[in-house]
Amino acid sequence: MRLILAAAVAAFTATLAAGAQAGVLDTVKQRGSVVCGVSGKVPGFSVPDAQGVWSGMDVDYCRAIAAAVFNDPAKVTYRPVTTTERFTALQTGEIDVLVRNTTWSFTRDVNLGLEFVGANFYDGQGFMVTKDLNVKSAKELNGASVCIQAGTTAEQNIADFFAANGITFKQVVFESSDEATKLYDTGRCDVYTTDTSGLAARRTTLSKPANHVILPEVISKEPLGPAVRAGDPQWTNIAKWTLFAMINAEELGVTTANVDEQRNAKNPDVRRLLGSDEALGNERWGLERDWAYRIVKHVGNYGEVFERNVGTKTPLGLERGINALWSKGGLMYAPPVR
């Protein structure tokens, strides 16, 4: 993990020495697409189907940016990046935005020249085991072998958890989540650990999903969110307010189905969000006044995106929980559009 971080810091330093790249919006417009760095291997967040059609929460965020910029959610180039290359890919300009189940942390925010623009999924690290192991709590895993993907925050989290509870474990580290999942599925490890959303996603790919259970402990805070390169406030604002617009739209009851009707709503907050009254798109901002309308029209509000990709009616079957709106007991809260 330290070697990966050191390499990322070195790449950022080299980028600064060469002159920070600016004007991402202009580059995106000239290219004709937004280049999004995604995992490509996490069901519910980013994965292509057999026809190459992408879907997932992270994918929908990329589509929302394209909708805001081009009025066309299809103008996205998806670039799968691994945990070890994701930060360098962003720093060097290979991608315009990183949306890859990435935890917003102090070290990454301060040392790598990134700007996290918010959390699009609040998560925490958990544990998955087979039912045959017959354990009900992670505190019963003394001496267990644990599959962990390299280059993630999971390595330090699990070491801290086991040390705090006075139990031991055998760490089995793999370079890719595919490898870790495969070997866990074949019994190479007793336990698989990652973010709980990732566990739910990976469980759907196992040979016998019903034979596996996610234990109740959540041992860390993992606010997952998009990141852009530092030094371009215009692009940072676009990435930030794309997410905020989707959250505000849900709070205001604006959906894909009613967004056209809502453009004529009496509620001034709705009218401002959709560009019906105030011109919140301008030269400094770089987008048209109906940028948020485009997002909801083409992609939907935050709640629609959640339910479509990871909600209770999907194979992942996740409840909103802490990802519910703040007004419904969750953590999803966005600054007002005014």
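The values are calculated or read from the model by the stated rules, or taken from the named source; none is laboratory data. All values derive from a computational prediction rather than experimental measurement. Using ideal geometry, Cβ is built from the backbone for each residue, glycine included, and neighbour counts are taken over all protein chains shown. Only protein heavy atoms, including side chains, enter the accessible area calculation; ligands, DNA and RNA are left aside. Shrake-Rupley method; radii C 1.70, N 1.55, O 1.52, S 1.80 Å.
Here residue 136 clears all of (1) more than 19 Å from residue 221 (Cα to Cα); (2) of a type in the set (D, E, K, R); (3) crowded, with 20+ Cβ neighbours inside 10 Å except the condition numbered (3). Quick check on the stretch 229-250. Is at least one of its residues among the hydroxyl-bearing types (Ser, Thr, Tyr), surrounded by 16 or more Cβ atoms within 10 Å (Cβ to Cβ) and modelled with pLDDT of 95 or more? Checked against the condition, which is being among the hydroxyl-bearing types (Ser, Thr, Tyr), surrounded by 16 or more Cβ atoms within 10 Å (Cβ to Cβ) and modelled with pLDDT of 95 or more, the stretch 229-250 yields at least one hit.
Suppose the filter is under 17 Å from residue 67 (Cα atoms), open to solvent by 10 Å² or more (accessible area, probe 1.4 Å) and among the small types (Gly, Ala, Ser); does residue 286 pass it? It would help to see each step written out before you state the result.
Details: under 17 Å from residue 67 (Cα atoms): yes; open to solvent by 10 Å² or more (accessible area, probe 1.4 Å): yes; among the small types (Gly, Ala, Ser): yes.
Yes; evaluated as a whole, the condition is true for this residue.
If you go through the stretch 164-222 and keep only what is among the β-branched types (Val, Ile, Thr) and without any contact (Cβ under 8 Å) to a residue 12 or more places away in the chain, you end up with just 186. Hey, among the residues in the stretch 202-221 that are outside any loop (DSSP other than H, G, I, E, B) and of a type in the set (Lys, Arg), which one's nearest to residue 105 (Cα to Cα)? Only one residue fits best here, namely 202.
If we keep just the residues of the stretch 98-123 that are small (Gly, Ala, Ser), touching a residue at least 60 places away in the same chain (Cβ under 8 Å) and under 23 Å from residue 84 (Cβ atoms), which is surrounded by the fewest Cβ atoms within 10 Å (Cβ to Cβ)? Across the stretch 98-123, the extreme among qualifying residues is 119.
Being open to solvent by 20 Å² or more (accessible area, probe 1.4 Å), among the β-branched types (Val, Ile, Thr) and at pLDDT below 90 narrows it down to one of 152, 168, so name that one. Criteria check complete, one pass: 152.
Just one of the numbered conditions (1) part of a loop (DSSP other than H, G, I, E, B); (2) closer than 30 Å to residue 108 by Cα; (3) touching a helix residue (DSSP H, G or I) at 6+ places or on another chain (Cβ under 6 Å) is not true of residue 231; which one? For residue 231, the failing item is (3). In the set (1) in contact (Cβ under 8 Å) with a residue 40 or more places away in the chain; (2) charged (D, E, K, R); (3) under 30 Å from residue 183 (Cα atoms), the condition left unmet by residue 232 is number (3).
Within the stretch 65-97, the residues that satisfy the criterion of being open to solvent by 10 Å² or more (accessible area, probe 1.4 Å) and among the aliphatic types (A, V, I, L, M) are 69, 74, 76. Against the test of being under 16 Å from the mean Cα position of the chain (by Cα) and open to solvent by 10 Å² or more (accessible area, probe 1.4 Å), the options 307, 319, 278 yield a single qualifying residue, 307.
Scan the stretch 31-44 and tell me whether some residue there is at pLDDT 95 or above and either among the acidic types (Asp, Glu) or part of a helix (DSSP H, G or I) (or both). Yes, the conditions are met somewhere in the stretch 31-44. Scanning for something on the phi < 0 side of the Ramachandran plot, at pLDDT 95 or above and in contact with an Asp or Glu (Cβ under 9 Å, 6 or more places away or on another chain), does the stretch 284-295 turn up at least one residue? Yes, the stretch 284-295 contains at least one residue that is on the phi < 0 side of the Ramachandran plot, at pLDDT 95 or above and in contact with an Asp or Glu (Cβ under 9 Å, 6 or more places away or on another chain). Residues in the stretch 45-64 that are assigned to a loop (DSSP other than H, G, I, E, B) and open to solvent by 50 Å² or more (accessible area, probe 1.4 Å) were compared, and the one that is nearest to residue 239 (Cα to Cα) is 53. The condition of being of a type in the set (Ser, Thr, Tyr) and surrounded by fewer than 20 Cβ atoms within 10 Å (Cβ to Cβ) holds for only one of 181, 193, 186, that being 186.
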